[in-house]
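Only one structure is covered here, and it is reproduced in the block below.
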Amino acid sequence: MSSFWSMWIIVLTTISIALITWLLFSNRKITSTKENQTTGHNYDGIEEYDNPLPSWWFKMFVASIVFAIGYLIAYPGLGNFPGLLHWTSVGKWENEVQQAELATESLYKDFMSKDIPALGDDKKAMRLGKRIFANNCAICHGVNAEGGYGFPNLSDKDWLYGGAPEQIRASITQGRSGSMPAWGAMLGNDGLTSMTEYVMNLGGAKADSDSPAAQQFTMLCSGCHGADGRGNQMLGAANLSDNIWLYGGDAGRIKQSIAKGRSGQMPSHHDKLSEEKIYLLTAYVYQLSKSVDDSKP
Ligand code: HEC
Ligand code: HEC
């Protein structure tokens, strides 16, 4: 603020306070000679009395003037005058941020000193992990990490890229991109139908290894999904022999996966989240699947 406007505010404020005080005290002196004397004003039959101010009201007014003057001396308000306490809103905010950072820094140091499985048993850490997950991951993986169409369930024991702490951490830090080629043109509609049937039976009774579909699978698919269709975590090639499907397990959906291909994208988070937060998230995700009943896949 330029010194002219600063001065302007100081002068205006001082004059207003002085005027108000004068007005208050000068009116206080009027003592009515007659009881309930009116001012002579009359509005639709309502008359205005000319009584002195009630004393409780007068005292409150004086108190608020004293408070205002005290406040303007202690805190900023009078133009550029910073106030005797040198309080600033920026200073207050900086102070609060500093306090919060100090608190979380030591908290995260503590977390990083534990290994992932142990951190998963730390209730306080997991509460914080759940919150970070809700803010950054739930939009794709669901609030309870249950996943959805095209987004893997992170709370089961089925993994595209592996469920060991280091693999989960790598998925979050670097991101992942699955790449399933499209086979529609090569297989044709009949080929797609029999391949779909073959894939759906992968988990069940031993398929006839001499069938044309079985030979095609070995030739075209096993390089990524493995000879028995159990998948390959290095490539993120899904396990086709279990009953868990990223893109749906009915014949129509599976046929579409094979015909058109799929390309799931997990964004990298190394420039979005600190190393400490990713560490905490890794423990959170690891702990989710660990607590799942072992009898289920
Ligand atoms: C924009 C959507 C999106 C967001 C946000 C997202 N993910 Fe993912 N994530 C995916 C997709 C899609 C995949 C599967 C990639 C694929 O199909 O190859 C995936 C895969 C993963 C995997 C590997 C799963 C496996 O089976 O191996 C992990 C672990 C994971 N995400 C954790 C997280 C965490 C933790 C966060 C929050 C920091 C997060 N994701 C945020 C979309 C997302
Ligand atoms: C280059 C490696 C590669 C080859 C070859 C390949 N796939 Fe895939 N497949 C993948 C990957 C990677 C995914 C996961 C895609 C994703 O995460 O978005 C996948 C996903 C699938 C899915 C969807 C799984 C689900 O859970 O929804 C089906 C079905 C499938 N593949 C069948 C086949 C068949 C049948 C063949 C052979 C005709 C084949 N794939 C060949 C890499 C491959």
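The values are calculated or read from the model by the stated rules, or taken from the named source; none is laboratory data. Nothing here was measured: the structure is a model prediction, and the numbers come from that model. Reconstructed Cβ throughout: ideal geometry from the backbone, glycine too, with neighbour counts over all protein chains shown. Keep in mind that these areas ignore ligands, DNA and RNA; they rest on the heavy atoms of the full protein, side chains included. Shrake-Rupley method; radii C 1.70, N 1.55, O 1.52, S 1.80 Å.
Within the range 166-187, none of the residues are away from ligand 2 (no atom under 13 Å from the Cβ) and closer than 19 Å to W245 by Cβ.
Restricting attention to the range 81-133, which residues are in a loop (DSSP other than H, G, I, E, B) and over 30 Å from S6 (Cα atoms)? Scanning the range 81-133 gives S113, K114, D115, G120, D121, D122.
Cβ separations smaller than 8 Å between residues 6+ apart or across chains give the following pairs from the range 224-247 residues that are surrounded by fewer than 16 Cβ atoms within 10 Å (Cβ to Cβ) to residues that are outside any loop (DSSP other than H, G, I, E, B) and among the basic types (K, R): Y247/R253; Y247/R262.
Taking the conditions (1) of a type outside the set (A, V, I, L, M, F, W, C); (2) part of a helix (DSSP H, G or I); (3) open to solvent by 50 Å² or more (accessible area, probe 1.4 Å) in turn, G70 satisfies each one other than (3).
When you check K130 against the structure, is it without any contact (Cβ under 8 Å) to a residue 40 or more places away in the chain, within 29 Å of N153 (Cα to Cα) and either more than 21 Å from the chain's Cα centre (by Cα) or open to solvent by 80 Å² or more (accessible area, probe 1.4 Å) (or both), yes or no?
no
Apart from one condition, P267 fits all of (1) more than 13 Å from ligand 1 (Cβ to nearest atom); (2) surrounded by fewer than 15 Cβ atoms within 10 Å (Cβ to Cβ); the exception is (1). Exactly one residue out of L220, L273, L235 is of a type outside the set (G, A, S) and either over 23 Å from G184 (Cα atoms) or touching a Lys or Arg at 6+ places or on another chain (Cβ under 8 Å) (or both), and it is L273. For the condition in a loop (DSSP other than H, G, I, E, B) and within 9 Å of ligand 1 (Cβ to nearest atom), L246 qualifies.
Any residue at all in the range 85-101 that is open to solvent by less than 70 Å² (accessible area, probe 1.4 Å), closer than 30 Å to I73 by Cβ and more than 19 Å from the chain's Cα centre (by Cα)? Yes, the range 85-101 contains at least one residue that is open to solvent by less than 70 Å² (accessible area, probe 1.4 Å), closer than 30 Å to I73 by Cβ and more than 19 Å from the chain's Cα centre (by Cα).
Return a yes/no flag: does the range 228-239 have any residue that is under 29 Å from the mean Cα position of the chain (by Cα), of a type in the set (S, T, N, Q) and part of a loop (DSSP other than H, G, I, E, B). Walk me through it before giving the result.
Looking only at the range 228-239, we keep the residues that are under 29 Å from the mean Cα position of the chain (by Cα), and these are 236.
Checking the rest, the ones that are also of a type in the set (S, T, N, Q) come to none.
Scanning the range 228-239 turns up no residue that is under 29 Å from the mean Cα position of the chain (by Cα), of a type in the set (S, T, N, Q) and part of a loop (DSSP other than H, G, I, E, B).
Assess whether I254 counts as being near ligand 2 (Cβ under 8 Å from one of its atoms) and open to solvent by less than 20 Å² (accessible area, probe 1.4 Å).
yes
What is the residue count in the range 188-223 for residues that are within 12 Å of ligand 2 (Cβ to nearest atom), over 17 Å from R262 (Cβ atoms), among the hydrophobic types (A, V, I, L, M, F, W, C) and open to solvent by 80 Å² or more (accessible area, probe 1.4 Å)? Of the residues in that region, 1 qualify.
Yes/no matrix, rows are residues, columns are (1) under 20 Å from A238 (Cβ atoms); (2) not assigned by TED's automatic domain parsing to the domain that holds D250:
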| position | (1), (2) |
| --- | --- |
| P165 | no, yes |
| S171 | yes, yes |
| Y198 | yes, no |
| N201 | yes, no |
| S211 | no, no |
| A214 | yes, no |
| F217 | yes, no |
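Please enumerate the residues belonging to the range 137-195 that are among the basic types (K, R) and modelled with pLDDT of 95 or more. R169, R176 - these are the residues of the range 137-195 that are among the basic types (K, R) and modelled with pLDDT of 95 or more.
Against the test of being without any contact (Cβ under 8 Å) to a residue 60 or more places away in the chain and touching a helix residue (DSSP H, G or I) at 6+ places or on another chain (Cβ under 8 Å), the options L154, L84, L78 yield a single qualifying residue, L84. Tell me whether the range 273-289 contains one or more residues that are in the same structural domain as Y149 (by TED's automatic domain parsing) and assigned to a loop (DSSP other than H, G, I, E, B). Yes, the conditions are met somewhere in the range 273-289. Specify the residue that is nearest to the chain's Cα centre (by Cα); the eligible residues are those in the range 148-176 that are within 6 Å of ligand 1 (Cβ to nearest atom) and open to solvent by 50 Å² or more (accessible area, probe 1.4 Å). Taking the candidates together, the pick is F151.
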